[in-house]
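Every read-out reported here was derived from the displayed coordinates using simple, explicitly stated rules and does not represent laboratory data. Fair warning: this is a prediction, and the values are worked out from it, not measured in the lab. Counting neighbours? That spans all protein chains shown, and the Cβs are built from the backbone with ideal geometry, glycine included.
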Amino acid sequence: MAQISLRITGTENGQRVTRTFRDTDDGRSAARTFAKRLKDSGTAYDVRTRIDGRVVTKTFRTRRDASAHAAIIEGDKLRGAAIDPKRARVTVEDFGTDWLAKRTDLAATTSSLYAHLFDHHIVPALGSTAVGSLSTARVRSWNAGIAKEHPTTAAKAYRLLATIMRSAVDDRLIVQSPCRVKGAAAEEAPERAVASVAEVEALADAMPQELRLAVLLAAWCQLRRGELLGLRRRDVDEVHSTVSVAVTRTATLDGTEVEKGPKTEAGKRTIAVPSNLAAAIADHLDRFVGARPDARVFDTDTRALRRAWDAARVAVGLPTLHLHDLRHSGLTWSAATGATVAELMHRAGHKSPAAALRYQHATADRDRALADALAELAPVAEVTPIRSTGK
């Protein structure tokens, strides 16, 4: 139980003295007697309670305020919501640095991204603020400042801060997270461009010969950049015309190449290759890939592939097209052929239908085209009266 004590301070015989009394009838009587002996005496009320094994003390000027706090803190303890305010004085930078150091479960690329967001976007603005003093208003203002120029970065940084603050709640540093800004975690990415078949061919021809196939596989087999770079000779089955995704190769922000399995089981998949790529695959394997089963299909790294792609898209007049847009294009083509959501999920390596559903707009667009074509028949159709067959 929280205990209230009276603390009397004053001057006696030229010296400052302090005595503490229990908040009982006898204690209050003794405190009054002691105070009469002092000059410039003053009274304070200390509320002591034990939170998470440590004695926590808070001081008030009036007994009413002390009693009210004692009742509140006991209620909080019963609800499991009592917080030691001293622990909440740790800064966002110190708590976040410790949190990141303990996250040994993160993939190398994720860890690199988190460190970048924390060091460049969270610490400069919020790092010196105590975790217990960080308000929702402050978080909202911080997020809005980043979002003006970099909305995607703002969403990523907010999600990281929110995760760190949830840990602060779990560790009982704060009662609730200050990250309660509606919509701040959402990334509103613009609609991705859909390249035509002719544009994909032009982009492939603009690439270095040893990377031409990368563009074709990205579009026709809907592979991600990391999946392309992770391919080995053994993953390409020319007999059965399939490509298997078993490993991805990505780069951290400092350029370190990291090989790992796909994020989900759905990402591990075998994809049928359209017949129009057979000759290009055979030529590429023959000219640019070693004979060993583990030989890389594309003997390059993330940065070199990005440089080649940037040069190619500028050369063909598509400077804003991303390599990932080729995957989007291929999935849109697949949807236009009548592919089901399950079929799109398999080719894309999606874990849930939600991601695959975005490509269904292709079938909706095709249905609209058919409807418009039907409408064009109406003005030109010859109207033939129906003859009655009645007697």
Open item on the list: Using a 7 Å offset from Cα along Cα-Cβ at H322, what residues in the range 200-238 end up with backbone N under 15 Å from the label point?
Closed with: 223-227
TODO: Averaged over every viewing direction, what's the projected area of the C-alpha convex hull for the range 197-364? Give it in nm², one decimal, please.
DONE: 9.8
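Using Cα pairs closer than 8 Å and at least 6 residues apart in sequence, work out the relative contact order for the chain, in percent.
It rounds to 11 percent for the chain.
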- [ ] First obtain the Kirkwood hydrodynamic radius of the chain from its Cα pairs, then insert it into the Stokes-Einstein equation at 20 °C and 1.002 mPa s, and state the resulting D in µm² per second as a whole number.
- [x] 79
Task: Euclidean distance between Cα centres, the range 83-127 to the range 277-295, Å - done: 45
TODO: Return, ordered by residue number, the residues of the range 159-179 whose backbone nitrogen is under 15 Å from a label point located 7 Å along Cα→Cβ of D52.
DONE: 165-177
Task: Set of aspartates and glutamates near K58 by C-alpha distance (under 13 Å), chain-local residues within fewer than 8 positions excluded - done: D46, D84
TODO: Calculate, in nm to one decimal, what A44 and T59 gain on full extension: separation in residues at 0.36 nm each, minus their alpha carbon distance.
DONE: 4.7 nm
Task: Value at 222 nm in deg cm²/dmol, rounded to 500, when DSSP H runs of n ≥ 4 in the chain each add -39,500 (n - 2.57) - done: -14500 deg cm²/dmol
Open item on the list: Projecting each Cα onto the charge dipole of the chain (Lys/Arg +1, Asp/Glu -1 at the beta carbon, about the Cα centre), which of T9, P262, A186 comes out farthest on the positive side?
Closed with: T9
- [ ] Assuming a ≥ b ≥ c are the square roots of the Cα gyration tensor eigenvalues, decide whether the range 89-170 counts as rounded (a/c under 1.5), prolate (otherwise, with a/b larger than b/c) or oblate.
- [x] oblate
Task: Where labels lie 7 Å past Cα in the beta-carbon direction, separation of T9 and A342 in nm - done: 7.6
Open item on the list: With every atom except the alpha carbons ignored, what do you get for Rg and Dmax of the range 3-82, in angstroms?
Closed with: 14.5, 48
Task: Net charge dipole size for the range 223-350 [Lys, Arg +1 and Asp, Glu -1 on Cβ; Debye, nearest 20] - done: 200
TODO: Calculate the spin-label point distance for E257 paired with K351, positioning each point 7 Å from the Cα along the beta-carbon direction, and give it in nanometres.
DONE: 2.7
TODO: Could you sort out which of K148/K182; K148/K351; K156/K260; K182/K268 sit more than 28 Å apart by Cα distance in this structure?
DONE: K148/K351; K182/K268
